Amino acid sequence: MKSVLLMSAAAVAFSSSPVAAQDVGAAASPAPIHGAALADPAAPVCEMHIWPAARVGAVTQGAGAAFGLIGAMIDAASHADQNKRDKAFITSALDSAAQARALREMDLPTTLHLPAAKVITHDEGVELTSENTGRLAQSAAPCYYDVIVRQLFYMKTATTKGKMRTFISVRGANGRTRVIDYKDSANHALDVKLPKEGEDATPASQALIDAFKADVTEFSAKFVRKTANKA
Amino acid sequence: MRLLRRCRVAATLPMLAISTAAPAQELPSTQQSPAPAPSIAAGACVLHVWPSGTAKSSYMGWFHGGAVDGDRRGIKGYPDLHSGVLSTAVQQQLLQSIDWKKLAEVPASSVIVHDAPPEPGDDLGRTTPLIADRPDCYAELIVHSVFVERAAFSATTVRVMAISKSWRDKLAAPKTYSMMANERADFGSGDEQTVERSLKGAFTGSIQRVLDSSYFHRR
């Protein structure tokens, strides 16, 4: 089901599967036909498309993982049900709607130090391959960004707390020229255990959302440092 | 306020003479009341149930895994888990067939199963009910998501994530609880009818496990 909620007067004319669009920055104005106004924060001519995670993983390892191949096999078998449960729980707690809500609250264009942009969140993730190097959404906006949450990965070992790692890519284009292509990840520890069947899952859901936001914030700081003067 | 969808009364249980709302207090005529006291609901308890969107598939094998809905997206190495069988419409039918009074200690005079999931929102943090015109005694059970899942060393199961919210008077904040449960699905020979029957049975079994949880038996 695709629904469109336009929070600005301007329609999102070329997005493929938008769920919500949001103007960030100043009042909306019709997009100019060239990119000369990119630096002008008063005219958000940019589009930012946000894609939720298409991949989710969860691995818990016990001490057996340290005992060679046989130990790792036994350990994987003993944690198979738990890994399956954790993966489904993370997929549910951080579904596309939850990711979109979290990212909207963070005002991503500002956090990434990018120009004011109309933010369009999609309800289905994309697999990034070497073939899809262009814009992921059909858009004619002169200034365009794809923010792709590539994967959410939970990892817990016998000696460490559970950590949520978020892999993100940001790709930007000015007209037909790609100006940014940045991939990185960030992780944060969870203060609560992921729930078992029948337990109250509310605290863990909130902890996952908080870790996701913290990951995006850390990623954004790295992005700003590494891509200064490129956007 | 979210849009309300069409709904259908699944079962009308005998009216229960339960008055859980805070008793209305009579105030002296000179005292100003900041808000009208909640009225006493005489057995007018209602439970609204929402199905989720179509079930997702989750697979983690030896060489492939991680992609959500990998089979439906045509990714190589992902076996067909037939999660499309558990569509919203099928979930709604299965939810209607549940004996709510028997399985959960729901003080509800009626259970209403909706046709479609509610609009996406922060159901855990939400303090306002989805149904504006409601009695004092009101509860929601939202099937947030459904998975057909399989992993190496682990059986195929149907997993249900559910959020329960209950209000006992109009001014109070709701009690919120979220939980998950799963039930094994045996695809047997793999023919279409067996798979469908198995998935439907596992979905109903998961809902029953949710209702068996201590939360529904201590309210």
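The values are calculated or read from the model by the stated rules, or taken from the named source; none is laboratory data. If you're wondering where the values come from, they're calculated on a predicted model, not measured in any experiment. Using ideal geometry, Cβ is built from the backbone for each residue, glycine included, and neighbour counts are taken over all protein chains shown.
Is it the case, given these coordinates, that A:LEU114 is crowded, with 16+ Cβ neighbours inside 10 Å and in a loop (DSSP other than H, G, I, E, B)? Break it down stepwise before answering.
Details: crowded, with 16+ Cβ neighbours inside 10 Å: yes; in a loop (DSSP other than H, G, I, E, B): yes.
Yes; evaluated as a whole, the condition is true for this residue.
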Yes/no for B:GLY66 being outside any loop (DSSP other than H, G, I, E, B) and modelled with pLDDT under 90: yes
Filtering segment B:46-87 for residues that are within 13 Å of chain A (Cβ to nearest Cβ), of a type in the set (A, V, I, L, M) and closer than 17 Å to B:GLY201 by Cα leaves a count of 2
Selection from segment B:45-78 of residues that are among the small types (Gly, Ala, Ser), touching a residue at least 24 places away in the same chain (Cβ under 8 Å) and surrounded by fewer than 20 Cβ atoms within 10 Å (Cβ to Cβ): B:GLY53, B:GLY61
Residue among A:GLN99, A:GLN138 that alone is outside any loop (DSSP other than H, G, I, E, B) and either closer than 30 Å to B:ALA162 by Cα or more than 14 Å from chain B (Cβ to nearest Cβ) (or both): A:GLN99
If I ask for residues that are aliphatic (A, V, I, L, M) and either away from chain B (no Cβ under 14 Å) or surrounded by fewer than 22 Cβ atoms within 10 Å (Cβ to Cβ) (or both), which ones from segment A:149-175 would you list? A:MET155, A:ALA158, A:MET164, A:ILE168, A:VAL170, A:ALA173
What single numbered condition from (1) outside any strand (DSSP E or B); (2) in contact with an Asp or Glu (Cβ under 7 Å, 6 or more places away or on another chain) fails to hold for B:ARG159? (1)
Subset of segment B:96-121 that is modelled with pLDDT under 90 and at the interface with chain A (Cβ under 9 Å from one of its Cβ atoms) - its residue that is surrounded by the fewest Cβ atoms within 10 Å (Cβ to Cβ): B:GLY121
Cβ-Cβ distance below 8 Å, separation of 6 or more or different chains: which pairs start in segment A:158-182 with a residue that is part of a loop (DSSP other than H, G, I, E, B) and end on one that is hydroxyl-bearing (Ser, Thr, Tyr)? A:GLY162/A:THR60; A:GLY162/A:TYR154
Checklist (1) farther than 22 Å from B:ALA89 by Cα; (2) free of Cβ contacts under 8 Å to residues at least 40 places away in the same chain applied to B:PRO174, failing item: (2)
When (1) under 29 Å from B:TYR215 (Cβ atoms); (2) over 18 Å from the mean Cα position of the chain (by Cα) are applied to A:ILE209, the one that fails is (2)
Which members of segment B:131-148 meet the condition of being over 13 Å from the mean Cα position of the chain (by Cα) and modelled with pLDDT under 95? B:ILE131, B:ALA132, B:ASP133, B:ARG134, B:PRO135, B:ASP136, B:CYS137, B:TYR138
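Table: residues versus (1) within 26 Å of A:THR227 (Cβ to Cβ); (2) more than 8 Å from chain B (Cβ to nearest Cβ); (3) surrounded by 20 or more Cβ atoms within 10 Å (Cβ to Cβ).
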{"site": "A:THR91", "(1), (2), (3)": "no, no, yes"}
{"site": "A:LEU103", "(1), (2), (3)": "yes, yes, yes"}
{"site": "A:LEU108", "(1), (2), (3)": "yes, yes, yes"}
{"site": "A:HIS122", "(1), (2), (3)": "yes, yes, yes"}
{"site": "A:SER130", "(1), (2), (3)": "yes, yes, no"}
Matching residues, segment B:165-177, being touching an Asp or Glu at 6+ places or on another chain (Cβ under 7 Å) and either outside any loop (DSSP other than H, G, I, E, B) or within 12 Å of chain A (Cβ to nearest Cβ) (or both): B:LYS165, B:TYR177
Restricting to segment B:178-219, and then to whatever is free of Cβ contacts under 8 Å to residues at least 40 places away in the same chain, polar (S, T, N, Q) and outside any helix (DSSP H, G or I), can you tell me which residue is farthest from the other protein chains (Cβ to nearest Cβ)? B:SER189
